[in-house]
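Computed from the coordinates by the stated procedures, all read-outs in this text should not be read as laboratory data. Small disclaimer: the values here were computed from a predicted structure and weren't measured. Cβ placement follows ideal geometry from the backbone for every residue including glycine, while neighbour counts extend to all protein chains displayed.
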Amino acid sequence: MTVQISPSILSADFTNLSHELGRISDADWAHVDVMDNHFVPNLTLGLPVVERIVQVSPIPIDAHLMIADADRWAPQYAEVGAQSVTFHAEAATAPIRLAREIRRLGARAGMALRPATSIDPYLDLLPELDMLLIMTVEPGFGGQSFLDSMLTKIARTRAAISEQNLDVWLQVDGGISRSTIERAADAGANVFVAGSAVYGAQDIPAEIATLRDLAAQHTH
């Protein structure tokens with residue numbers, strides 16, 4: 001299982017995103033949080049900005065859509081070039097159809113679960129997905145503390161992926177830092193979203209490398 005680091009630009013300087021994306025060029029992905037002030041109580045950026053980010057980013061874009069009506073909007077993020085598009089299970093009416101449409105448009109299909117959402121109803125959907133995102137904070141704002149109560153959900157999800165012999169990435173997002181990434185990796189995650197831990201570091205490339213090494217030591 002390959003460890004991947006996906007810094008969240010939610011912690012970046014939004015007035016100079018091209019420069020900020022360049023600062024994380026050693027990472028595997030740039031994690032772009034799209035919030036609509038409906039599904040979550042915050043508003044960030046939308047389709048036109050993401051389209052431009054795709055054009056200037058030195059690394060692939062991982063679009064995390066914290067938006068209502070995902071069935072309608074998520075495919076459009078694949079159409080503008082986001083290489084990975086993650087919708088929330090709670091915001092999708094037909095998640096299998098949506099995942100297939102995202103894949104048809106050439107992107108990796110991801111599905112996210114809020115902390116209170118059980119993985120159990122979605123275990124049969126895993127073959128339709130390229131990635132499952134387990135939120136380790138309540139979605140909507142950066143800088144929150146990691147919820148250790150999610151470790152059991154991560155472990156159960158990893159076990160289900162392994163039992164079905166699937167190549168599904170398991171992503172965690174929220175409160176990921178040097179002090180939490182080992183626990184998340186040990187539980188079974190292999191893709192790590194880190195915002196303030198990366199953008200708040202004095203040496204961003206060194207911090208990305210450190211996080212990757214810490215996770216790799218605990219990835220089974």
_in contact (Cβ under 8 Å) with a residue 24 or more places away in the chain and part of a strand (DSSP E or B): is that true of Leu166 in this structure?_
no
_Only one of Ala201, Ala209 that is surrounded by fewer than 23 Cβ atoms within 10 Å (Cβ to Cβ), of a type in the set (A, V, I, L, M) and either in a helix (DSSP H, G or I) or touching a Gly at 6+ places or on another chain (Cβ under 9 Å) (or both)_ = Ala209
*Considering region 30-44 alone, what residues qualify as being touching a residue at least 40 places away in the same chain (Cβ under 8 Å), in contact with a strand residue (DSSP E or B) (Cβ under 6 Å, 6 or more places away or on another chain) and surrounded by fewer than 22 Cβ atoms within 10 Å (Cβ to Cβ)?*
Met35, Phe39, Val40, Asn42
*Going by the conditions given, is Leu21 part of a helix (DSSP H, G or I), out of contact with any helix residue (DSSP H, G or I) (no Cβ under 8 Å at 6 or more places or on another chain) and surrounded by 15 or more Cβ atoms within 10 Å (Cβ to Cβ)?*
no
*Are any residues in region 129-163 assigned to a loop (DSSP other than H, G, I, E, B) and either out of contact with any Gly (no Cβ under 9 Å at 6 or more places or on another chain) or free of Cβ contacts under 8 Å to residues at least 24 places away in the same chain (or both), and if so, which ones?*
Gly140, Phe141
